[in-house]
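Accompanying notes for the structure given below.
The values are calculated or read from the model by the stated rules, or taken from the named source; none is laboratory data. Since this is a predicted model, take the numbers as computed values, not measurements. Positions of Cβ are generated from backbone atoms using ideal geometry, with glycine treated the same way; all protein chains shown enter the neighbour counts.
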Amino acid sequence: MTLGFILPLLLSFFITLGATPLTIWFFKKRGWVEDPVLKQAKTGNATALHPTPRGGGIPIFLGLITSLVVFLPLDGHLRALIFACLLTVGVGVVDDIFDISPRTRLITNILSALIIISSGIGIAYLSNPFSVGVFDLSHPQITFNLFGQLRSIWVLSDLLALFWIVWATNFVGWSAGVEGQLPGYVAISAIFIGLLGLKFSADITQWPLIILAAALAGSYLGFLPYNFFPQKIMPGYSGKSLAGLVIGVLAILSGAKLATVAFLLAVPLLDSLIVLVRRLISGRPLTRSDGYHLHHYLLKIGWPRPVIALTYWLFSLLFGIISLSLNSNQKLVFFSIILVVFTTIILRLTRRI
């Protein structure tokens, strides 16, 4: 690891570490805490053990953005990312306090993704996992004049980027049911995305990716001591959606290596897909939490909360190590095996409960 990776990580770590106790104090002073009894009565799905403040996105955002501003030039891409993160965290904090509707959250996800895409961040191509070459997504294009400047929309590229960022913003946060679960696996995944970028560090275009991955890892590591069991603060929707948004952008900046990021986040990704399929089959709303994620099953069969969190970390670490040595075709095969194994485990857990 070079200083170009370590310094952004350390700066975001210490800022988040210092800002989190202030957030806890402020939220408690205002009475903005989640009561698990009321949450259970309202939604039937409460995982906290005692009244706990949410709002974890605030200190994480401060650590992340400070590190990015210090180590990256404030160009159009960074300004768009900061604005999108600010919108995501702002609406997330409102949800952490008042519990806004899933539809409002989804609209915010779409707006944040559009802000990023409007800066020119998109998926121009996808690697072909079945052969050498790529799928070119740069056509068709819609060209128009805006304020005297010629602009163009890459239809397939921008639509795929929009779908991916919104999807990542959601599925990453769905695996945040127990203490320490989310910040641990997000930090590990971000570190490995950074390491993959460092393999091509001679290419100067990789450094924004490397620094963003380092800043993301450091901010969630700085939050982890306060979120691990017994937690003093939860990530809340603000902290969960921020993680997904930035990881979605990281996948695009890494050269549209969506398969690599999906591989790193295989457990939360597959978990969310199975939950969505179950909701579709049963006719339940897709955006409403229903307590059927993997961590819910593990809680019901008696797994300790720290063990569940550590299991998620272990899988992220294992898949990260494997990702450093596999090519796209091998990752696809391995991901298919994981899908079969994971689905089998979920089906067996369903029958036990």
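Is it the case that some residue within region 3-15 is in a loop (DSSP other than H, G, I, E, B) and at pLDDT below 95?
Looking through region 3-15, none of the residues is in a loop (DSSP other than H, G, I, E, B) and at pLDDT below 95.
Restricting region 149-182 to residues that are assigned to a helix (DSSP H, G or I) and free of Cβ contacts under 8 Å to residues at least 60 places away in the same chain, which is nearest to residue 111 (Cα to Cα)? Let's see the steps before the verdict.
Pass one, region 149-182, residues assigned to a helix (DSSP H, G or I): 155-174, 181-182.
In the following step, the residues that additionally are free of Cβ contacts under 8 Å to residues at least 60 places away in the same chain were identified as 155-160, 162-163.
On the way: 155: 17, 156: 18, 157: 17, 158: 13, 159: 13, 160: 15, 162: 9, 163: 12 Å.
Looking at the filtered set, the residue picked out is 162.
Does region 183-195 contain at least one residue that is surrounded by fewer than 21 Cβ atoms within 10 Å (Cβ to Cβ), assigned to a helix (DSSP H, G or I), aliphatic (A, V, I, L, M) and in contact (Cβ under 8 Å) with a residue 12 or more places away in the chain?
Yes, region 183-195 contains at least one residue that is surrounded by fewer than 21 Cβ atoms within 10 Å (Cβ to Cβ), assigned to a helix (DSSP H, G or I), aliphatic (A, V, I, L, M) and in contact (Cβ under 8 Å) with a residue 12 or more places away in the chain.
Conditions (1) closer than 30 Å to residue 201 by Cα; (2) modelled with pLDDT under 85, marked per residue:
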| position | (1), (2) |
| --- | --- |
| 252 | yes, no |
| 255 | yes, yes |
| 262 | yes, yes |
| 268 | yes, no |
| 272 | no, no |
| 280 | no, yes |
| 284 | no, yes |
| 294 | no, no |
| 298 | no, no |
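Could you list all residues from region 49-91 that are farther than 24 Å from residue 209 by Cβ and under 19 Å from the mean Cα position of the chain (by Cα)?
Across region 49-91, the qualifying residues are 54, 55, 56, 58, 90, 91.
Does region 259-272 include one or more residues that are in contact with an Asp or Glu (Cβ under 8 Å, 6 or more places away or on another chain), assigned to a loop (DSSP other than H, G, I, E, B) and closer than 30 Å to residue 20 by Cα?
Here is the first cut: in region 259-272, the residues in contact with an Asp or Glu (Cβ under 8 Å, 6 or more places away or on another chain) are none.
No; the residues of region 259-272 include none that is in contact with an Asp or Glu (Cβ under 8 Å, 6 or more places away or on another chain), assigned to a loop (DSSP other than H, G, I, E, B) and closer than 30 Å to residue 20 by Cα.
Restricting attention to region 99-119, report how many residues are of a type in the set (Gly, Ala, Ser) and either more than 23 Å from residue 157 (Cβ to Cβ) or modelled with pLDDT under 95 (or both).
Qualifying residue count for the region: 3.
Listed residues 55, 92; which is out of contact with any strand residue (DSSP E or B) (no Cβ under 6 Å at 6 or more places or on another chain), in a loop (DSSP other than H, G, I, E, B) and crowded, with 19+ Cβ neighbours inside 10 Å?
55
Does region 280-297 include one or more residues that are without any contact (Cβ under 8 Å) to a residue 40 or more places away in the chain, among the aliphatic types (A, V, I, L, M) and touching a Lys or Arg at 6+ places or on another chain (Cβ under 8 Å)?
Among the residues of region 280-297, at least one is without any contact (Cβ under 8 Å) to a residue 40 or more places away in the chain, among the aliphatic types (A, V, I, L, M) and touching a Lys or Arg at 6+ places or on another chain (Cβ under 8 Å), which makes the answer yes.
List the residue pairs whose Cβ atoms are under 6 Å apart, where the first residue sits in region 79-98 and is under 18 Å from residue 120 (Cβ atoms) and in contact (Cβ under 8 Å) with a residue 40 or more places away in the chain, the second is among the small types (Gly, Ala, Ser) and outside any helix (DSSP H, G or I), and the two are 6 or more positions apart or on different chains.
Close Cβ pairs satisfying both conditions: 80/119.
If a residue has to be assigned to a loop (DSSP other than H, G, I, E, B) and free of Cβ contacts under 8 Å to residues at least 60 places away in the same chain to count, how many in region 200-212 make the cut?
Summing the residues that are assigned to a loop (DSSP other than H, G, I, E, B) and free of Cβ contacts under 8 Å to residues at least 60 places away in the same chain in region 200-212 gives 3.
Can you name every residue in region 70-89 that is touching a helix residue (DSSP H, G or I) at 6+ places or on another chain (Cβ under 7 Å) and in a helix (DSSP H, G or I)?
Within region 70-89, 70, 71, 78, 80, 81, 82, 83, 84, 85, 87, 88, 89 meet the criteria.
Among the residues of region 30-46, is there at least one that is crowded, with 22+ Cβ neighbours inside 10 Å and either β-branched (Val, Ile, Thr) or at pLDDT 95 or above (or both)?
No, region 30-46 contains no residue that is crowded, with 22+ Cβ neighbours inside 10 Å and either β-branched (Val, Ile, Thr) or at pLDDT 95 or above (or both).
If you check residue 262 against the conditions, is it farther than 22 Å from residue 36 by Cβ and in contact (Cβ under 8 Å) with a residue 12 or more places away in the chain?
Yes; evaluated as a whole, the condition is true for this residue.
Restricting attention to region 125-155, which residues are surrounded by 18 or more Cβ atoms within 10 Å (Cβ to Cβ) and modelled with pLDDT of 75 or more?
137, 154
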